[in-house]
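> Input: one structure, supplied below.
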Amino acid sequence: MTSSVRPRRWIVAAAGGAALLVLGASLIAGHAPPAEAATVGAGSYTTTPVGPLPSGCGQISTNPRQYVTADAPAGAVPTNDWWSSLLWKRTDCAFSEPLHAHPLSYDTFTDGLGFSANSTPAISGTSTGVGEYHYPYTEDIRVGVAGLGAPTTKVAGWSDWTVTPYWSDGARTMRATIGHGLPFAYFQTTGGDAQIRVTGTPQVWANANSMIGFTVNGHDYVGYAPTGAGWTVSGGRITSTLAGRGYFSVALLPTTGSTAPADRSALAESYGRYAHAHVTGTRLSYAYDPASSTVTTTYAFTVTPREGAVAQTVVSLYPHQWKALTGSTPISQSYPSARGRMKVLTGVDRFRTTMTFHGVLPELPAVGDGAGADLATLTGYLAADRANPMDRRGDDTYWTGKGLGRAARIAEISDQVGDTGTRDSALTAIRNTLTDWFTASTGKTSRLFYYDANWGTLIGYPASYGSDQELNDHHFHYGYFIAAAATLAKFDPQWASTGRYGGMVDLLIRDADNYDRADTRFPYLRDFDIYAGHDWASGHGSFAAGNNQESSSEGMNFAGALIQWGQATGNAAVRDAGVFLYTTQAAAIQEYWFDSADQNFPAGFEHSTVGMVWGDGGAYSTWFSAEPEMIQGINQLPVTGGHLYLGYDPAYVRRNYAELVRNNGGPPTVWQDIIWEFLALGDPDTALANLRANGGYTPEEGRAAGTPSTGSATWPRSAPWTPRSAPAIRWQPCSPGPGRARTWRPTSPAARSR
């Protein structure tokens, strides 16, 4: 489901979950010290490590601030971000992997910050099988201080979607601020002249009044020095004394090869009004109005004038933002990016979007299966699951979560059709399992949570798929726990109260996506990229292609769980955080995983969906299988009443299914229940016919309510690709020594090792 290879097996599961939606729509070994418990109501967590810790270069396991400057923000360090490899050094112990900010990508080196505005996609694979597109880092310029030779790049600051890398070699220093949506990079330097080193020879088209405009690899850049300073060009180097003031900025213009010189110059002058109004911070705020079911999101910029009084800037917006923009008008020019065209606002210090929240359901109502033969079939499925509603296939956080999710579905469905016996069995399984995990008794080393104050994270043990050593996937794993707790809270509010186990549920929420800025125990919205509008799965993001996420639908399972927990417990802050995450990410999924409007994937990439989104592109692939059903189904499961966003565009649903049939050479032969449930949102008649005609299929794990199918299956059943270099980072972490950087991602010719 997300950031590295999953060596898991999907075995026989129950069939009735598919029936419900289709009808309704139409290890740790125990060698660890005893736990020291911190109580939260009736629950507790351990403050003593009972398993592996986050790992990386040097002493980072116990000192995640190893590569952070002394004046960096206090509190928990962010992880799971677009720039995480800069702070969490894991494959490059001195610098970072490429940082895909959009419209620019950056990289860090001993002599400064590299820029890439690559707009030519690298497309690989086939149109009917595994395929990828990437805009890999291809350096145009490198910005630094003359003579700079820093042994490492540290992090001097961060805000909601910016980061400030810092270089020092003892004699020279440089501080740069870069961020999502910023066409500018801002610099402060000491100890030498500012230097822009160009790949090849720059084509200079302007050099006057402290501004130099030049073209590299077809991309137009502008350097802005302080008033009174100038730029000197010598071969491939552009330098400035900065008149001794120590600040400057460099911008990428939204031009193309057909832009007229006069228009290019006008853009350079227009951007120049904001060149010394440095962005020094960014901040999200959101508001949910239940009466109108709207989410208003404000993206604000802290702007510090280095000279003059201008306190506005230039920003570019992703498609999910500009399609919901209110109160601002973009200019006519735009930037290409791995996410599609980015539209530009000039002279702003904030912008707002307004989106409609379409609601979630605890479960789809019993309609088609509410009477007659279908009801009899469904109740038969439920009765068969009564004795083992979780059907748990593993003891780690992910597989325990899957079992909890299954039991929650059974409880909700059973309640609808009046099967109180099965409902109560499922609720008992949920209660017992959550209570066990939420209790860190003396000597216990398994089925508990550990809080690491250094990292500001809550790790469940046994962990899986890098949720401990890489902080991968916490929103995926914990989303199932929270969703099950929300179901239990409706029937047993006392268990969910703050004085009992509600506080432990809240800790899981705060770990994955802390909604409370005042709580410095956890980073704010850890797994959610505020500006990009979606989660990232890898804690460190240490890949040439940036960070990644596979199962967007499991991310939505987390968001939907927050909504339901907040509603069930009367916690409006949690509910509203869930609504913000859910509504924003639903829009991002339509754009970046589905490209439902057919506007964002590059020409030549002949897929209508991707299984994974990367910082620099997307891939019709997964970490675990090349089966079309799994590539597409991984962004559909676990289909619940909180996943109706999948059907916002019924025509796209039909197109997505048609691609699966084409790529598979026929209808799905694995995960049919997931695929039919998805298809029911665009073509319910066909989905229902498929269900009725194929009673002997093997369901996906985690399906709710049904009798076991005949036969058995292990999964994945084929894997036509294998890792090309480093071990799979999710479950077999790579631990390179100093200077031995390695990166890997599936079937990617653009992966680099440096």
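> Report Ser285's accessible area, 1.4 Å probe, all protein chains in place, as a number in Å² to the nearest 10.
Per-residue accessible area (Ser285): approximately 60 Å².
> If I compute solvent accessible area with a 1.4 Å probe over the protein chains, what percent of it on the stretch 132-217 is carbon and sulfur?
Answer for the stretch 132-217 is 42 percent, counting heavy atoms of protein chains only.
> Highest mean first, what order results for 231-244, 421-434 on Cβ atoms within 10 Å?
421-434, 231-244
> Now, a different point. Please list, ordered by chain and number, the residues whose modelled amide H lies under 5 Å from the amide H of Val68; skip anything fewer than 5 residues away on the same chain.
Val155
> Alpha carbon centre of the stretch 476-540 versus the stretch 325-389: separation in Å?
Going from one Cα centre to the other spans 19 Å.
> Let me ask another. Count the DSSP beta bridges whose two residues both fall in the chain, then state the antiparallel fraction as a percent rounded to the nearest 5. Walk me through the numbers before you get to the answer.
Numbers: 110 of 113 bridges.
Percent antiparallel among DSSP bridges in the chain is about 95.
> For Lys343, Lys402, what's the largest-to-smallest order of accessible area, 1.4 Å probe?
Sorted by accessible area, descending: Lys343, Lys402.
> Then there is this: If you count, for each residue, the other Cβ atoms within 10 Å and average over each peptide, how do 634-641, 360-367 line up from highest to lowest?
Averaged packing, sorted descending, gives the order 634-641, 360-367.
> Label the stretch 351-456 by shape, choosing from rounded, prolate and oblate, from the square roots a ≥ b ≥ c of the eigenvalues of the Cα gyration tensor; if a/c is under 1.5 it is rounded, and otherwise prolate applies when a/b is larger than b/c, oblate when it is not.
Oblate shape, in that a/c is at least 1.5 and b/c is the bigger or equal ratio.
> Next question. Checking the a/c ratio against 1.5 first, then a/b against b/c, what shape does the Cα gyration tensor give for the chain?
Taking the square roots of the gyration eigenvalues as a ≥ b ≥ c, the chain is prolate.
> Could I ask something else about it? Please list the non-local residues whose amide H lies under 5 Å from the amide H of Leu448, H modeled 1.01 Å from N, same-chain partners needing a gap of 5 or more.
Under 5 Å from the amide H of Leu448: Tyr461.
> Here is a follow-up. Each residue of the stretch 322-336 in turn: what ³J(HN,Hα) in whole Hz from Karplus with 6.51, -1.76, 1.60 and θ = phi - 60°, glycine and Pro shown as x?
Calculated HN-Hα couplings, in order: 5, 6, 10, 5, 10, x, 9, 10, x, 6, 6, 7, 8, 10, x Hz.
> Where only protein heavy atoms count, and the probe is 1.4 Å, what is the accessible area per residue for the stretch 84-187 in Å²?
That works out to 21 Å² per residue.
> Work through the residues other than Glu307 whose Cβ is under 13 Å from its Cβ and net out their charges, Lys, Arg +1 and Asp, Glu -1.
It works out to a net charge of +3.
> Going Cα to Cα from Lys490, which lysines come in below 27 Å? Please leave out same-chain ones fewer than 8 positions away.
Lys402
> Shape call for the stretch 501-572 from the C-alpha gyration tensor, a ≥ b ≥ c root eigenvalues: rounded (a/c under 1.5), prolate (a/b greater than b/c) or oblate?
The shape class here is prolate.
> In terms of modelled amide H atoms, which long-range or inter-chain residues lie less than 5 Å from the amide H of Ser497?
The list, which skips near neighbours in sequence, is Gly502.
> Which lysines, if any, have their Cα less than 23 Å from the Cα of Lys89, not counting same-chain residues under 8 positions apart?
The qualifying lysines are Lys154.
> Another question, if that's okay. Show which lysines lie in cross-link reach of Lys323 when reach means a straight Cα distance below 21 angstrom and same-chain residues fewer than eight apart are skipped.
Lys323 reaches Lys343.
> Run the quick spin-label model on Ser258 and Ser127: label points 7 Å from Cα toward the beta carbon, then report their separation in nm to one decimal.
Result: 2.5 nm between the two label points.
> Under 12 Å from the Cβ of His643, count the other residues' Cβ atoms, weight Lys and Arg +1, Asp and Glu -1, and hand me the total.
Charge balance in the 12 Å sphere: -2.
> Going by average Cβ density within 10 Å per residue, which order do the peptides 124-135, 64-75, 295-306 take, highest to lowest?
124-135, 295-306, 64-75
> Around Pro365, with a cut-off of 13 angstrom between Cβ atoms, what is the net charge of the other residues, counting Lys and Arg +1 and Asp and Glu -1?
Values: positive: none; negative: Glu363, Asp369, Glu412, Asp415.
Net charge around Pro365: -4.
> Each residue of the stretch 670-682 in order: what ³J(HN,Hα) in whole Hz does its phi give by Karplus 6.51 cos²θ - 1.76 cosθ + 1.60, θ = phi - 60°, with x for Gly and Pro?
Here the 3J(HN,Hα) series is 9, 6, 4, 4, 4, 5, 5, 4, 5, 4, 4, 7, x Hz.
> Here's another thing I want to ask about it. Relative to the compact globular guide of 2.2 N^0.38 Å, what is the alpha carbon radius of gyration of the stretch 89-183, as a ratio?
Against the empirical 2.2 N^0.38 Å value, I get 1.24 for the stretch 89-183.
> Work out the length of the dipole vector of the chain about its Cα centre, built from +1 on the beta-carbon of each Lys and Arg and -1 on the beta-carbon of each Asp and Glu, and round it to the nearest 20 debye.
Values: 53 positive and 62 negative charges, 281 e Å.
Rounded to the nearest 20 debye, it is 1360 debye.
> OK, next. Whole-Hz ³J(HN,Hα) for each residue in the stretch 591-603, computed from phi via Karplus 6.51 cos²θ - 1.76 cosθ + 1.60 with θ = phi - 60°, x for glycine and proline: what do you get?
Each residue's phi maps through the Karplus curve to give 7, 9, 8, 9, 6, 5, 8, 6, 10, 10, 5, x, 4 Hz.
> Out of Gly281, Thr241, Pro226, whose Cα points farthest toward the positive end of the dipole of the stretch 214-304 (charges: +1 Lys, Arg; -1 Asp, Glu; placed on Cβ)?
Thr241
The values are calculated or read from the model by the stated rules, or taken from the named source; none is laboratory data. Quick caveat: nothing in here was measured; it's all calculated off a predicted structure. Every residue, glycine among them, receives a Cβ derived from its backbone with ideal geometry; neighbour counts consider all protein chains shown. These area figures cover heavy atoms from the full protein model, side chains too; ligands, DNA and RNA do not enter into them. Shrake-Rupley method; radii C 1.70, N 1.55, O 1.52, S 1.80 Å.
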